[in-house]
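Asks: Got a structure for you, questions after.
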Amino acid sequence: MNQTLQVLATPPADPVLRFAVYSALALAGLTLLIMLQVLVLTELASRRERRREAFTGHWRPRLTAWSVEHGDALPWPPRGRQEEVWFMLLWLRLRRQVRGQSQQRLNALFQGIGMSGRVVRLLRGRGVHRRLLSLSCLQYLADPRYWSEVTPLVDDTNPVVALTAAQTLVAMDPARAMQRLIPLVELRRDWAIPRLEALCRQAGPAAVSGPLLSRLVEGEEPPARLVALLAWAEPNRVAPWARRFLEGNIDEQEGTETSLCAALSCLGQQRDPRDKPLLLRWLGADSPQVRLVAVQALRRQAGLEDAPFLLERLTDSSWWVRQAAADALVELPGIGDADIAAWQHELTDRYGRDALTRAIAERRR
């Protein structure tokens with residue numbers, strides 16, 4: 001220390017040495033400040049963790065007991081923004097685990113202590129994590145009163161926030177939500193198809209069918225992103241569009257493959273004998289994927305009279321089509337072992353015979 005003071009009192013005459021001494025002293029001081037900052041932050045984090053543990057220990061038993069049975073009086077709400085966030089996280093964790101009346105009790109508690117209003121205020125903030133937290137709470141509350149607060153977030157530039165807002169709207173009112181969300185399918189390219197399918201599954205076929213079909217313009221190739229969602233609509237409502245589409249003059253191109261498969265799959269679910277000529281027509285499509293879906297659709301309503309068409313598919317160039325045709329043949333109503341043995345004997349294509357042999361073996365298990 002004395003040497004340091006002496007150096008400061010009488011700095012070296014050489015400018016380079018003087019610069020080195022002052023640099024070393026500045027670095028030492030900066031190191032001490034950083035160490036002090038680390039100590040202060042560690043102590044603050046430790047205190048915060050102890051507060052959170054105490055908060056959790058106080059509220060978790062209360063929330064659990066309230067989910068089982070309503071208390072005589074509502075507890076005091078948490079104080080401060082930090083405790084409000086902790087409470088929301090605790091409430092969400094328990095809310096995901098319970099079912100039935102327990103969900104309603106927790107919702108009543110949440111709204112009874114005024115947390116729903118605080119969630120809305122949190123929703124208006126700029127922090128992404130806190131907005132996601134508030135959206136998750138509103139999603140479990142599923143209260144349409146907060147519709148106007150959530151709707152603008154569907155257009156948020158952050159795709160995670162926008163999708164979470166969409167899920168919240170679906171939880172509030174599925175039919176109204178899909179009316180708002182289906183038009184965004186083509187606009188929001190940052191929404192992945194699996195996420196959109198999850199939204200449709202959450203909303204249900206009845207809510208999806210109307211808005212989705214209203215976007216399918218007759219005589220035009222439907223957008224691929226909309227076609228991917230047809231599987232989540234009601235087949236009986238999609239069937240008229242599917243028939244019109246398959247009956248049209250369609251040039252088989254790569255862009256229409258998805259639409260053809262969706263239309264054929266829909267008619268297969270209907271099991272309407274009147275659709276059989278359409279299914280038979282598309283058994284000879286250029287695309288192996290379309291031929292496969294056509295065979296699978298025909299399998300649901302095929303009879304013995306359709307055996308020749310399926311036998312022809314046993315010589316298909318696609319392995320998947322051959323396997324699907326073989327499975328359909330051995331499941332034909334009224335089929336007997338003698339018929340199957342005759343087909344197997346008459347087949348000259350080795351690959352088709354192998355597919356039929358495999359299907360026979362699985363049938364006998």
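The values are calculated or read from the model by the stated rules, or taken from the named source; none is laboratory data. Note that the structure is a prediction, hence the values are computed from the model and not measured. Cβ sites come from the backbone with ideal geometry, for glycine too, and all protein chains shown count toward neighbours. Each accessible area value is taken on the protein alone, full model and side chains, heavy atoms only, with ligands, DNA and RNA left out. Shrake-Rupley method; radii C 1.70, N 1.55, O 1.52, S 1.80 Å.
Asks: Going through region 319-338 one residue at a time, which ones are touching a helix residue (DSSP H, G or I) at 6+ places or on another chain (Cβ under 8 Å) and modelled with pLDDT under 85?
Replies: Answer for region 319-338, where residues must be touching a helix residue (DSSP H, G or I) at 6+ places or on another chain (Cβ under 8 Å) and modelled with pLDDT under 85: GLY334, ILE335.
Asks: Further question on the same structure: Test each condition in (1) at pLDDT 80 or above; (2) under 43 Å from the mean Cα position of the chain (by Cα) for LEU44 and report the one that comes out false.
Replies: With (1) at pLDDT 80 or above; (2) under 43 Å from the mean Cα position of the chain (by Cα) applied to LEU44, the lone miss is (1).
Asks: When SER134 is evaluated against the numbered criteria (1) under 30 Å from ALA203 (Cα atoms); (2) in contact (Cβ under 8 Å) with a residue 12 or more places away in the chain; (3) surrounded by fewer than 18 Cβ atoms within 10 Å (Cβ to Cβ); (4) of a type in the set (S, T, N, Q), which criterion, by number, is the only one it fails?
Replies: (3)
Asks: Which residues, counting only those in region 101-132, are charged (D, E, K, R) and either at pLDDT 90 or above or in a helix (DSSP H, G or I) (or both)? Before the answer, list the steps.
Replies: The first filter runs over region 101-132 and keeps only residues charged (D, E, K, R), leaving 105, 118, 121, 124, 126, 130-131.
Correct list: ARG105, ARG118, ARG121, ARG130, ARG131.
Asks: Okay, moving on. Can you name the residue in region 52-67 that is closer than 14 Å to LEU89 by Cβ and touching a residue at least 12 places away in the same chain (Cβ under 8 Å) and is also surrounded by the most Cβ atoms within 10 Å (Cβ to Cβ) among such residues?
Replies: By that ranking, first place goes to LEU63.
Asks: Follow-up question, since we're still on this one. Would you check if there is a residue in region 101-116 being open to solvent by 60 Å² or more (accessible area, probe 1.4 Å), within 23 Å of VAL160 (Cα to Cα) and out of contact with any Phe, Trp or Tyr (no Cβ under 8 Å at 6 or more places or on another chain)?
Replies: no
Asks: So ARG93 clears everything in (1) loosely packed, with under 13 Cβ neighbours inside 10 Å; (2) touching a Pro at 6+ places or on another chain (Cβ under 6 Å); (3) basic (Lys, Arg) except one condition, right? Which one?
Replies: With (1) loosely packed, with under 13 Cβ neighbours inside 10 Å; (2) touching a Pro at 6+ places or on another chain (Cβ under 6 Å); (3) basic (Lys, Arg) applied to ARG93, the lone miss is (2).
Asks: Further question on the same structure: Go through region 140-162 and give me each residue that's of a type outside the set (Gly, Ala, Ser) and open to solvent by 50 Å² or more (accessible area, probe 1.4 Å).
Replies: Here is the first cut: in region 140-162, the residues of a type outside the set (Gly, Ala, Ser) are 140-141, 143-147, 149-161.
The answer is TYR140, PRO144, ARG145, GLU149, PRO152, ASP155, THR157, VAL160.
Asks: Quickly run through region 163-195 and pick out the residues that are open to solvent by 30 Å² or more (accessible area, probe 1.4 Å), part of a helix (DSSP H, G or I) and not charged (D, E, K, R).
Replies: Those that are open to solvent by 30 Å² or more (accessible area, probe 1.4 Å), part of a helix (DSSP H, G or I) and not charged (D, E, K, R): GLN167, ALA171, PRO174, ALA175, GLN179, PRO183, ILE193, PRO194.
Asks: With free of Cβ contacts under 8 Å to residues at least 12 places away in the same chain and of a type outside the set (S, T, N, Q) as the only criterion, which of LEU153, LEU187 stands out?
Replies: Of LEU153, LEU187, the one residue that is free of Cβ contacts under 8 Å to residues at least 12 places away in the same chain and of a type outside the set (S, T, N, Q) is LEU187.
Asks: One residue is enough: does region 133-145 have a residue meeting the conditions at pLDDT 80 or above, in a helix (DSSP H, G or I) and of a type in the set (Asp, Glu)?
Replies: Checking region 133-145: not a single residue is at pLDDT 80 or above, in a helix (DSSP H, G or I) and of a type in the set (Asp, Glu).
Asks: Further question: In region 155-184, which residues are under 15 Å from GLN202 (Cβ atoms) and aliphatic (A, V, I, L, M)?
Replies: Once the filter is applied, which keeps residues that are under 15 Å from GLN202 (Cβ atoms) and aliphatic (A, V, I, L, M), region 155-184 yields LEU163, ALA165, ALA166, LEU169, VAL170, ALA171, MET172, ALA175, ALA177, MET178, LEU181, ILE182.
Asks: Now for a separate question. Sort through LEU199, LEU213 and tell me the only one that's of a type outside the set (Ser, Thr, Tyr), open to solvent by less than 20 Å² (accessible area, probe 1.4 Å) and assigned to a helix (DSSP H, G or I). Can you show your working first?
Replies: Details: LEU213 fails: open to solvent by less than 20 Å² (accessible area, probe 1.4 Å).
After ruling out the rest, the residue left standing is LEU199.
Let's see how each residue does on (1) open to solvent by 30 Å² or more (accessible area, probe 1.4 Å); (2) among the aliphatic types (A, V, I, L, M):
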residue	(1), (2)
LEU260	no, yes
ALA263	no, yes
GLN270	yes, no
TRP282	no, no
VAL293	no, yes
ALA297	no, yes
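Asks: Another question, if that's okay. Can you give me the ranges of the helices (runs of 4 or more DSSP H) entirely in region 304-365 with at least 3 residues that are open to solvent by less than 20 Å² (accessible area, probe 1.4 Å)? Even if it seems obvious, please write down each step before you answer.
Replies: Values: elements: 307-313, 319-330, 337-346, 350-363.
Because the criterion is at least 3 residues that are open to solvent by less than 20 Å² (accessible area, probe 1.4 Å), the helices (runs of 4 or more DSSP H) in region 304-365 that meet it are 319-330, 350-363.
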